[in-house]
Each structure stands twice: as structure tokens, then as C-alpha cells.
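This report refers to the structure that appears directly beneath it.
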Amino acid sequence: MSKKRGFFKKHPWIVFIMGGLVGMTVVLFGNRVMHHTGTDEYCMSCHVHPHADDSWKLSSHYNNPSGVKVHCIDCHLPPKGDWRYFRTKACTGLYDLWAYWTKDSADFNWERKKQLDYAVDIVYNESCKACHINLFPKGLSDDGCTAHLYYEANETKLNLQCISCHLDVGHYDPHYRHAKTLVSSMQTNYTGPKFTEPARVEKFENFTEYMPGTNVSFEMVAIPGGTFKMGSPDSEKFRRDDEGPVHEVLISPFFMGKVEVSWDEFLAFRLQTESEGRIAPEITKERNLKAATVDAISGPTPPFGNPDQGWGAGKRPAITMTYYGAEIYCLWLSKITGKNYRLPTEAEWEYAARGGTETPYFFEGAPKQYSSQGWWRKFFDPDTAVINSYAVYELNSDMKTHEPSRVKNNPFGLKNMLGNVMEYCSDWYAVDAYAQAGASTTNPTGPAEGEEHVVRGGNYSHDAAELRVAARNHTLSVDWLKTDPQQPKSIWWYSDIKGIGFRVVCEPDSAIFRK
């Protein structure tokens with residue numbers, strides 16, 4: 001007896017029709033979902049940044065002569081047709097929904113989310129190039145041509161992205177500027193009577209220095225000499241190998257700036273030495289300050305962008321100058337005051353920062369207690385009660401520098417030794433510098449040669465772990481000049497580091513002080 005054929009076997013055309021209908025439904029519904037979830041309105045229903053919509057509409061990607069309007073997904077997803085488009089859209093969409101339902105937007109650090117180091121993870125360079133196919137359009141300036149040639153040659157090598165130089169094209173930032181800025185146009189407080197003579201220093205005690213020809217003054221603190229243990233023990237949390245071995249160091253007395261060099265001070269130097277030149281007197285190893293006259297000192301060329309980042313000048317620490325710029329400032333300051341001003345050695349800096357203490361910070365508390373690092377921070381917030389009084393750092397800075405009045409003194413009477421801005425030291429950096437120094441040393445000046453200089457103290461964007469007194473860091477000359485469009489690169493200003501500055505040291509040599 002033969003078996004009856006099934007309905008679908010007898011009518012296979014029905015299978016094709018039903019399959020086609022299902023497929024069309026999926027395609028049409030999926031396309032509608034993709035379109036709906038790709039609109040600006042849908043994006044902003046979850047992304048509740050209070051200024052995202054306004055800053056987008058003020059940007060050149062919305063408000064421009066051509067009338068072209070660039071949408072959220074045009075920048076924040078890979079180009080359509082890229083195999084990563086659907087995967088990225090699905091993954092980021094699920095994450096955004098989870099964040100919207102589980103997090104409080106009032107807790108978000110919006111200032112950090114505006115920074116380049118955050119933006120590079122959510123803006124796709126391929127999408128920029130998919131629209132901007134011609135990097136050398138008609139009307140591009142000479143500086144623009146130079147910058148784009150540099151980009152083409154170094155995109156992969158230096159991991160450059162379009163937003164490295166054009167951070168404000170998607171969301172307008174009134175403080176962002178990628179063009180030459182005359183530093184002398186920054187707001188300063190140079191009204192009132194000018195000083196005619198520098199301070200007279202006749203004994204070893206705190207004094208106020210006066211800059212002749214300006215109304216600017218600053219405080220210098222007398223740091224008594226002594227012996228201390230430099231470096232961190234193996235048991236210190238977050239310790240790195242370049243912080244040891246711990247060794248005993250003898251430091252002679254010296255004067256140190258109570259705070260970092262302010263914009264008022266640095267701009268006084270800029271205004272008195274204003275020049276388009278790139279060459280300044282050579283600074284010898286012995287710092288022969290008598291080798292040049294004040295008139296021979298060439299000041300900084302104009303930087304690209306706003307060196308104060310729009311945060312304000314005045315008493316805020318001066319930032320973004322190169323190590324070379326800091327050294328020339330010390331040379332100029334020495335000439336106008338008749339004293340020997342210079343950058344601190346790394347040993348002097350750590351001795352002054354410790355203020356007689358031997359703990360990770362000059363105030364009470366442990367790195368593990370203050371740091372945001374560690375899996376447990378998903379459940380427990382760091383303790384900020386004490387550290388907030390002494391340091392401007394990641395958790396209390398709003399991602400910008402602050403005036404020294406924000407914090408308390410350390411035991412020697414210095415402010416901002418930890419946090420706010422990293423500070424240059426005169427030493428060349430070496431991982432094994434302490435091993436080279438030996439078990440005990442007097443007034444060490446670091447390795448005889450090197451490629452990068454030591455920086456200390458951490459800055460406003462750093463975690464508390466990087467603010468430990470013994471924590472060492474160094475300049476990154478290539479990385480900090482990646483987006484400088486000039487060829488050759490500026491010797492005066494860094495383009496890719498904000499939280500760097502310096503404070504001065506003065507040698508207590510009565511033969512140098514004019515009486």
C-alpha cells in the first residue's frame with residue numbers, strides 16, 4: 001500500500017511563497033529597526049549628555065555653509081558596508097541600554113568623556129575617511145597641507161586619527177583651538193605698579209621674589225637640608241621597578257617655589273622675550289648663566305591651540321610648555337633677578353615632597369585606600385576624605401587644573417606637590433637610575449645622559465596610585481608632539497599633553513644673590 005504524499009510535498013510552491021514572505025518580513029522589519037535605531041533622536045534617548053545635542057548643532061558637522069548634516073552613527077559606528085558595522089551597532093546598543101537602565105547620568109564625568117583619550121574609542125577613523133576622501137581640497141592652507149602630509153606618513157606609525165587634530169568637529173567646544181594662538185592675548189592681571197628690583201635675600205628663610213618690570217611676585221620656601229630614604233619599598237602597593245632600590249640620599253639646603261610656576265609668571269617671560277625665533281642660548285651641563293644676556297634669550301613661539309585649554313590663566317599653573325621651555329624660563333628668571341634659578345633634581349623634588357615623611361604620601365592613608373584601581377571598586381568607592389584636601393587628581397579635578405588655594409600645604413609648606421600638574425625635574429630618566437646611584441649618595445643629579453627627562457607628582461587626570469611620592473614618570477617627546485602640524489616640531493610647546501608644568505628651585509649661594 002503506497003504512502004500518501006504530504007501537503008507540502010504535493011504543493012512545494014507554497015513552501016517557497018511562505019519562505020519568501022517570512023524573508024521579506026524579516027528584511028523589512030530588520031531594515032526598519034536598523035533605520036529607527038540609527039536616528040539621532042533614538043541615540044539621544046539613551047545618551048542623555050546635557051550638552052550633546054547643543055554642541056552637535058553648533059559644530060561644523062551640523063552648522064556649515066554646505067548644509068550637510070552629519071548624524072551620530074556617521075561618526076560613532078564603522079562605515080556602512082564594513083563587516084563590523086552590525087556587530088558594533090548591536091554590542092554598543094546593548095551596552096548603552098544597560099547603562100541607561102542601571103546607571104545615574106548625574107554620576108558621569110562629562111569632562112573626561114570630552115577628552116581625546118576617551119573619544120578615540122568611540123569615533124571611527126574609517127568613517128571620517130569614508131566622507132573626507134580628499135585630504136587636499138582646494139583652498140586648504142599651507143599649514144593644513146603640511147599637517148595632512150604628516151598624517152598620511154604617520155597614521156599607522158603614530159596611531160594618528162582625524163580627531164587627534166579635529167576634536168571639535170562633531171561637538172563644538174568653545175575652548176578648543178587648533179591654530180596658532182598668541183599667548184600674549186591670554187587674560188592676565190598685569191595692572192598696577194611694577195617692581196623695579198628683585199628680592200634681597202640675606203639669610204636662609206622664606207622670601208617673596210619680585211619680577212622686575214612686572215607686578216608679578218611669587219613665594220619661595222626655604223627647604224632645610226637633610227638625609228632621606230629615596231624610592232619605595234617592595235611592599236608598597238602599586239610600586240614599579242624603577243622606584244628602587246631604596247637608597248639613602250643627602251640633600252643640601254635649597255629654596256623651592258611654594259607652588260608651580262603660574263601663568264602670570266610664565267606669561268611675563270613670554271611678553272618680555274616675545275619672538276618668532278626658534279633658537280635660544282645653549283644651556284650647558286653646568287648651566288653657565290653668565291654666558292648669555294637677557295636680550296639674547298629668545299622666548300616661546302606661538303603655540304597651536306589654547307595653552308591654558310580655556311581653563312583660565314592667572315594663578316593656575318602654566319602648562320604644555322616643553323622641558324626646553326621650562327629650562328629657558330629658568331635662565332631668563334636667573335638673569336632678571338641675579339639669582340641662580342633652575343629646575344629641581346629628582347632627589348630634591350622627592351625630598352621636598354616627602355617633607356620628612358617616609359610613607360607613600362606625605363599625608364596619612366594608603367594607596368589601596370585612595371586608588372580607584374581593583375575589582376573591589378565596582379562595589380566600594382575609594383576613600384577621598386583626606387586626599388581631597390591635599391591633591392587635585394582624577395576624582396576631584398573635573399579634568400582640569402586648579403589654583404593652589406584649593407589644597408593644603410605639605411609639611412615643608414609646599415602646595416600641589418602631588419597632583420594638579422606633573423613637574424619637570426632636571427634629571428635624565430633611566431629605569432635603573434637608583435641602582436646606578438648606589439646605596440648612598442649626596443645631591444645626586446641622575447644619569448649623565450638619556451633621551452627623556454623625569455617628571456614627578458602626577459596630574460589632575462591621574463589615579464591616586466600615580467600620586468605616590470615615590471612614583472616616577474618621564475617625558476614622551478614623540479607622543480606629546482604627535483599632532484603638532486609644524487615642521488619642524490615646536491621646541492616650546494607640546495600639543496598632546498595638558499597636565500605638565502614645573503616649579504623652580506633657587507640655590508642658596510650668597511655669592512649669587514645681589515645685595
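The values are calculated or read from the model by the stated rules, or taken from the named source; none is laboratory data. Please read all numbers here as calculations on a predicted model, not as lab measurements. Here the Cβ positions follow ideal geometry from the backbone for every residue, glycine too, while neighbour counts run over all protein chains shown. Side chains included, ligands, DNA and RNA excluded: accessible areas come from the protein's heavy atoms. Shrake-Rupley method; radii C 1.70, N 1.55, O 1.52, S 1.80 Å.
Restricting the search to region 39-82, which residues are aliphatic (A, V, I, L, M) and open to solvent by less than 50 Å² (accessible area, probe 1.4 Å)?
Scanning region 39-82 gives Ala52, Val70, Ile73, Leu77.
Output the residues belonging to region 381-403 that are open to solvent by less than 40 Å² (accessible area, probe 1.4 Å), in a loop (DSSP other than H, G, I, E, B) and out of contact with any strand residue (DSSP E or B) (no Cβ under 6 Å at 6 or more places or on another chain).
Within region 381-403, Pro382, Val386, Asn396, Ser397, Met399 qualify.
Out of region 199-227, which residues are assigned to a strand (DSSP E or B) and farther than 16 Å from Ser334 by Cβ?
Thr208, Ser217, Glu219, Val221, Ala222, Ile223, Gly226, Thr227
If you check Gly356, Gly314, which single one turns out to be touching an Asp or Glu at 6+ places or on another chain (Cβ under 9 Å) and outside any helix (DSSP H, G or I)?
Exactly one residue qualifies, and that residue is Gly314.
Out of the residues in region 243-269 that are within 21 Å of the chain's Cα centre (by Cα) and β-branched (Val, Ile, Thr), state the one that is most open to solvent (accessible area, probe 1.4 Å).
This residue is Val259.
How about region 475-495: which of its residues are among the charged types (D, E, K, R) and modelled with pLDDT of 90 or more?
Asp479, the sole residue that qualifies.
Scanning region 447-484 for residues that are among the hydrophobic types (A, V, I, L, M, F, W, C) and touching a His at 6+ places or on another chain (Cβ under 7 Å), which turns out surrounded by the fewest Cβ atoms within 10 Å (Cβ to Cβ)?
Val455
Provide a single number: the residues in region 210-230 that are within 27 Å of Ala437 (Cα to Cα) and buried (at least 20 other Cβ atoms within 10 Å of the Cβ).
2
Go through region 494-511 and count every residue that is open to solvent by 10 Å² or more (accessible area, probe 1.4 Å), closer than 23 Å to Arg456 by Cα and hydrophobic (A, V, I, L, M, F, W, C).
Total satisfying the criteria: 1.
Name every residue in region 58-82 that is basic (Lys, Arg) and touching a residue at least 24 places away in the same chain (Cβ under 8 Å), in order of residue number.
Once the filter is applied, which keeps residues that are basic (Lys, Arg) and touching a residue at least 24 places away in the same chain (Cβ under 8 Å), region 58-82 yields nothing.
Considering (1) over 13 Å from the mean Cα position of the chain (by Cα); (2) modelled with pLDDT of 90 or more; (3) of a type in the set (S, T, N, Q), say which one Ser510 fails and leave the rest.
The failed condition is (2).
Would you mention how many residues in region 431-446 are free of Cβ contacts under 8 Å to residues at least 24 places away in the same chain and either in contact with an Asp or Glu (Cβ under 6 Å, 6 or more places away or on another chain) or open to solvent by less than 80 Å² (accessible area, probe 1.4 Å) (or both)?
0
For the subset of region 447-491 comprising residues that are out of contact with any Asp or Glu (no Cβ under 9 Å at 6 or more places or on another chain) and of a type in the set (Gly, Ala, Ser), which member is nearest to Thr322 (Cα to Cα)?
The residue in question is Ala448.
List the number of the failed condition for Glu219; all other conditions in (1) at pLDDT below 95; (2) charged (D, E, K, R); (3) within 25 Å of Ala326 (Cα to Cα) hold.
Every condition holds for Glu219 apart from (1).
Listed here are the residues, each with its yes/no results for (1) surrounded by fewer than 24 Cβ atoms within 10 Å (Cβ to Cβ); (2) within 25 Å of the chain's Cα centre (by Cα); (3) modelled with pLDDT of 95 or more.
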residue: Lys315; (1), (2), (3): yes, yes, no
residue: Ala318; (1), (2), (3): no, yes, yes
residue: Tyr323; (1), (2), (3): yes, yes, yes
residue: Ile336; (1), (2), (3): yes, no, no
residue: Thr345; (1), (2), (3): yes, yes, yes
residue: Gly355; (1), (2), (3): yes, no, yes
residue: Glu358; (1), (2), (3): yes, no, yes
residue: Phe362; (1), (2), (3): yes, yes, yes
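Taking helices (runs of 4 or more DSSP H) that do not extend beyond region 83-198, which have at least 2 residues that are open to solvent by less than 60 Å² (accessible area, probe 1.4 Å), on the phi < 0 side of the Ramachandran plot and without any contact (Cβ under 8 Å) to a residue 24 or more places away in the chain?
Output list reads 84-102, 142-154.
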